[in-house]
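For reference, the structure is listed below as structure tokens.
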Amino acid sequence: MPHEPQPQPPDELDAEAVRTWSSLAVAALGRAREDIDAINVYPVADADTGTNLYLTAESADRALAEALGTAPADVSETTGPGPDTGARTPSPSLSQAVRAYAHGALIGARGNSGTILAQLLRGVADVLGDEPGDRGPGRLLAQALTRAAEEAYRAVAHPVEGTMLTVAAAAARAGEAAGAAAGTAADVARAAYDAARAALADTPGQLAELGRAGVVDAGGCGLVAVLGALWQALSGQEPAAEAVRGRAVPVPQPPQPCDAEEQGGPAYEVIYLLEAAEPAVAELRERLDGLGDSLVVVGGDGLWNVHVHVHDPGAAVEAGVVAGRPYRIRITHFGDERRRARGERVQRAVVAVVPGEGLAGLCGEAGATTVLARPGEVPDAAALVDAIRRAHAREVVLLPGGADQRAAAAAAAERARADGVRVAVIPTRSAVQGLAALAVHDPDGSFDEDVVAMTAAAGATRYAELAVAERQSFTSAGICQAGDVLGLIDGDVAVIGIGLTETAEAVLERMLGSGGELVTLVLGPEVPDALAERLEAYVQHGHLAVDTVTYRGGRYSAPLLIGVE
């Protein structure tokens with residue numbers, strides 16, 4: 001059951017206060033979500049700031065609820081065994097609550113604004129999670145708000161005034177003044193909230209994009225809602241219904257190309273969680289700063305959330321691989337986001353699971369929303385549902401990309417259907433089958449006819465993969481040794497070879513023996529271009545009527561994928 005918010009005594013700052021704040025923040029952002037989306041013009045007019053802030057707060061609230069429900073028992077605080085349960089589990093501490101709250105925001109941060117909100121909450125946790133010493137609750141909260149603003153500014157590569165950073169700084173200054181005057185925690189929260197509202201009203205005069213559109217900053221608007229929830233949690237007083245000054249109406253969007261590159265900005269948003277040491281993250285910041293803009297890297301203690309807008313998503317992911325271990329990778333093409341910003345809900349979209357960032361870019365250029373799958377990691381249903389929602393369409397064709405991903409795809413489809421989205425799952429078993437299906441996708445035709453055509457194209461594409469054997473093993477083609485190159489056709493080992501080129505030629509000969517019109521080659525990250533040139537020549541020499549296309553799969557892709565249509 002959802003937590004019922006309970007107002008706190010004005011100078012009480014404990015785990016229950018944090019839980020109440022969290023619940024009220026989710027509710028406030030839920031109410032303001034559409035209005036905030038509507039005024040989103042900076043840094044990208046993609047109409048999702050309210051949604052991103054809401055989903056970030058929802059992730060934080062979920063993590064907090066889990067932490068408070070499973071707090072470990074402290075023997076020194078137990079009251080003796082009960083009739084059935086043994087020692088009583090004590091109430092969780094303020095430190096446990098704020099750290100769980102910040103961690104949940106970090107792992108679930110969405111977009112530029114959600115990532116900054118996660119860092120703000122981390123700053124709060126850095127102060128409230130320590131021993132208070134002789135600081136009263138009011139002074140402690142004031143210092144937490146100051147630390148939050150400082151850490152948020154540090155997390156953004158190029159801070160811009162007139163954004164939620166400006167709003168956070170104004171709130172921190174007012175909170176410090178109230179804390180210095182011996183105000184209660186509720187007094188500090190009220191001062192921060194009022195100052196944030198005033199700062200938000202001034203943002204159109206600080207940022208040209210906001211002034212031209214006649215709106216306040218969307219991220220700052222969300223932060224005001226979060227601070228209003230904090231004041232309500234500590235005081236029991238509900239903020240005014242219209243807490244934000246400014247025009248919360250949709251921004252008129254003139255007709256324009258959907259391709260972000262034609263508008264002068266990066267074409268992709270890349271977000272991932274990263275396990276890495278702090279020195280490596282410092283180098284990552286420099287590298288990503290040279291690749292794109294809107295760079296925000298938040299977190300610490302070995303876990304980071306990376307957000308950047310780039311032209312080359314593969315390079316952004318590769319930079320994360322150099323720094324540490326990236327996962328939960330999300331790559332979004334701004335074309336669909338800009339259509340949504342103009343108030344357009346597309347009729348149909350394609351969501352594709354792909355094994356390499358090169359393929360993600362390729363599918364993104366074709367209009368698909370992509371989910372990147374690392375080797376050995378099958379995207380779960382939640383990741384696929386998230387991609388379906390990002391596609392923002394009434395109808396979605398889902399390409400799972402492999403037999404091991406079908407269960408998650410089926411579960412995601414059911415959840416999306418419950419949201420009113422019509423979803424069809426095409427049982428693709430390889431990325432090359434997904435490419436074949438995407439090639440015949442007709443967004444203007446009927447849904448059923450489109451699904452049939454895409455299913456037929458995928459089914460008519462034989463697929464192969466080349467891999468290197470890790471150990472001696474029995475296969476359908478005989479015994480292989482460690483280091484042998486295996487040629488798998490339609491999922492079964494058909495060729496065992498020594499070299500990549502010779503094995504690829506043997507696989508192609510078998511596949512083309514039953515006919516074909518087009519060969520698709522997807523090269524892995526370590527495979528030289530010379531291999532593609534040799535295979536193209538091999539196909540042309542023996543099969544004059546067969547065309548060949550070559551793509552780079554990028555990191556995580558197999559050494560070689562082959563499709564024959």
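The values are calculated or read from the model by the stated rules, or taken from the named source; none is laboratory data. Every value quoted in this text rests on a predicted model; they were computed, and no experiment measured them. Every residue, glycine among them, receives a Cβ derived from its backbone with ideal geometry; neighbour counts consider all protein chains shown.
Observations, loosely collected:
- Listed by position, the strands (runs of 3 or more DSSP E) contained in the range 455-500 that have at least 3 residues being basic (Lys, Arg), in contact with a strand residue (DSSP E or B) (Cβ under 8 Å, 6 or more places away or on another chain) and surrounded by 19 or more Cβ atoms within 10 Å (Cβ to Cβ) form an empty set.
- Inspection of the range 152-173 identifies no residue that is under 30 Å from residue 45 (Cβ atoms), in contact (Cβ under 8 Å) with a residue 40 or more places away in the chain and among the aromatic types (Phe, Trp, Tyr).
- Residue 182 being in a loop (DSSP other than H, G, I, E, B) and touching a residue at least 40 places away in the same chain (Cβ under 8 Å): yes
- Meeting the requirement of 2 or more residues that are crowded, with 19+ Cβ neighbours inside 10 Å and at pLDDT below 90, the strands (runs of 3 or more DSSP E) wholly within the range 266-330 are 268-275, 292-300.
- Identity of the residue in the range 56-78, assigned to a helix (DSSP H, G or I) and surrounded by fewer than 14 Cβ atoms within 10 Å (Cβ to Cβ), that ends up modelled with the highest pLDDT: 66
- Scope the range 119-156; condition at pLDDT below 90 and either within 28 Å of the chain's Cα centre (by Cα) or on the phi > 0 side of the Ramachandran plot (or both); matching residues: 129, 133
- Residues that are among the polar types (S, T, N, Q) and modelled with pLDDT under 85 within the range 1-37 comprise 6, 8, listed in sequence order.
- Checklist (1) in contact with a Ser or Thr (Cβ under 9 Å, 6 or more places away or on another chain); (2) crowded, with 17+ Cβ neighbours inside 10 Å applied to residue 505, failing item: (1)
- Check on residue 560, over 20 Å from residue 434 (Cβ atoms) and among the hydrophobic types (A, V, I, L, M, F, W, C): no
- The single condition among (1) crowded, with 20+ Cβ neighbours inside 10 Å; (2) aliphatic (A, V, I, L, M); (3) within 30 Å of residue 391 (Cα to Cα) that residue 511 does not meet is (3).
- All conditions but one from (1) under 30 Å from residue 506 (Cβ atoms); (2) loosely packed, with under 13 Cβ neighbours inside 10 Å apply to residue 437; the one that does not is (2).
- Candidates 346, 353 - the one that is in contact (Cβ under 8 Å) with a residue 24 or more places away in the chain and farther than 19 Å from residue 272 by Cβ: 346
- Check on residue 428, outside any helix (DSSP H, G or I) and either hydroxyl-bearing (Ser, Thr, Tyr) or in contact with a Pro (Cβ under 9 Å, 6 or more places away or on another chain) (or both): yes
- Taking every residue in the range 363-381 that is in a helix (DSSP H, G or I) and pairing it with any residue that is at pLDDT below 80, at least 6 positions away or on another chain, the pairs with Cβ-Cβ distances below 6 Å are 364/333.
- Residues satisfying the stated conditions in the range 121-165, i.e. crowded, with 24+ Cβ neighbours inside 10 Å, part of a helix (DSSP H, G or I) and touching a strand residue (DSSP E or B) at 6+ places or on another chain (Cβ under 9 Å): 122, 152, 155
- Candidate set: the range 92-120, residues that are surrounded by 21 or more Cβ atoms within 10 Å (Cβ to Cβ) and hydroxyl-bearing (Ser, Thr, Tyr); chosen: the one farthest from residue 217 (Cα to Cα): 101
- Residue 401 vs. criteria closer than 15 Å to residue 490 by Cα and in a helix (DSSP H, G or I): no
- Test: residue 358 is modelled with pLDDT under 80, more than 16 Å from the chain's Cα centre (by Cα), buried (at least 17 other Cβ atoms within 10 Å of the Cβ) and not in a strand (DSSP E or B): yes
- Per-region count, the range 506-561, residues of a type in the set (Asp, Glu) and in contact with a Leu (Cβ under 7 Å, 6 or more places away or on another chain): 1
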